[in-house]
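Notes follow once the structure below has been shown.
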Amino acid sequence: MELLSYTYDLSNIDCHIHSRFSPDARNAGADEPQKIADTVRAKGLRGFIATDHIDVGHWKDFAPLDFDAYFTTWEKVKRDNPDLDIHVGLEVGYEKKHAKETARLIADLPLEYIINSVHYFGKDVFALGKKKAYAEYLNAVLASLDAPYPFTTIGHLGFAERYAPYDISERVIAYDEFEPILRKIAERAVERKIRFEENTNTDGEMRCPRSDFLRAYKDMGGVRPVLGSDAHVSARIGAHFDIATKFLDGIFG
Ligand SMILES: [Zn+2]
Ligand SMILES: [Zn+2]
């Protein structure tokens, strides 16, 4: 496994795309891999990274990938589309209790990019109230930064907001409110040279991560996040990249 370096130019590349290899995308009508390449080109992007799901311990929701078919398929798409910068990766779901098994599962794969994402952070956690629920989520993200497997990118920081049942006016994970833990996340990311992604699977509204966090992270030496649409169907590839680019320009110049 040789992951793309911290400084590899990922500008104008969609760094978070699901294909029919992700069960949740397959069932949602994901397109064939070549169609994804065609869409990326048609949208004027320089390339993309295939990042299908691995969520150990949740195979009922996300069955294991057929890794042989996965790499054979994407290597062919790479060969057939030499004008695009295409990489093969995974979005790995982090949970402390499954982290070692995850590490074993992916250890020998020829991956170039790994998004480490927290999708599961306690059952019925939102019933604990906003403060406790978000603390559970953010502590899981902090723990994910010491996962026992390599990764390049922290997926969708702020993900818990997307599913929180709280009123829209109080759903925000504000930097000031969760400062100690968010500061630790930013510091550890800078220290480990791990990038964030600006996840645009937010209907263009919510920023993920948000600006207050990114400003603090930048002050600590953090670098501009990459862009990821988190598309599960081709129509969503590169969605809202114009808004996210302006947003990041405003913070990182
Ligand atoms: Zn995710
Ligand atoms: Zn995703």
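Things to note:
- Test for Leu128: is it at pLDDT below 95 and either out of contact with any strand residue (DSSP E or B) (no Cβ under 7 Å at 6 or more places or on another chain) or more than 16 Å from ligand 2 (Cβ to nearest atom) (or both): yes
- Pairs with Cβ under 9 Å, 6+ apart, first in segment 179-199 and under 17 Å from Ser117 (Cα atoms), second among the acidic types (Asp, Glu) and away from ligand 1 (no atom under 16 Å from the Cβ): Leu182/Asp212; Ala186/Asp219; Arg188/Asp146; Arg192/Asp146
- Among residues that are of a type outside the set (Phe, Trp, Tyr) and farther than 25 Å from Gly238 by Cα, Glu198 is not included.
- Condition broken by Asn139, with the remaining ones in (1) modelled with pLDDT of 95 or more; (2) under 28 Å from Gln34 (Cβ atoms); (3) open to solvent by 20 Å² or more (accessible area, probe 1.4 Å) satisfied: (2)
The values are calculated or read from the model by the stated rules, or taken from the named source; none is laboratory data. All figures in this text were calculated on a predicted structure; none of them were measured in a lab. Methodologically, a virtual Cβ is constructed for each residue, glycine included, from the backbone with ideal geometry; neighbour enumeration extends over all protein chains shown. These area figures cover heavy atoms from the full protein model, side chains too; ligands, DNA and RNA do not enter into them. Shrake-Rupley method; radii C 1.70, N 1.55, O 1.52, S 1.80 Å.
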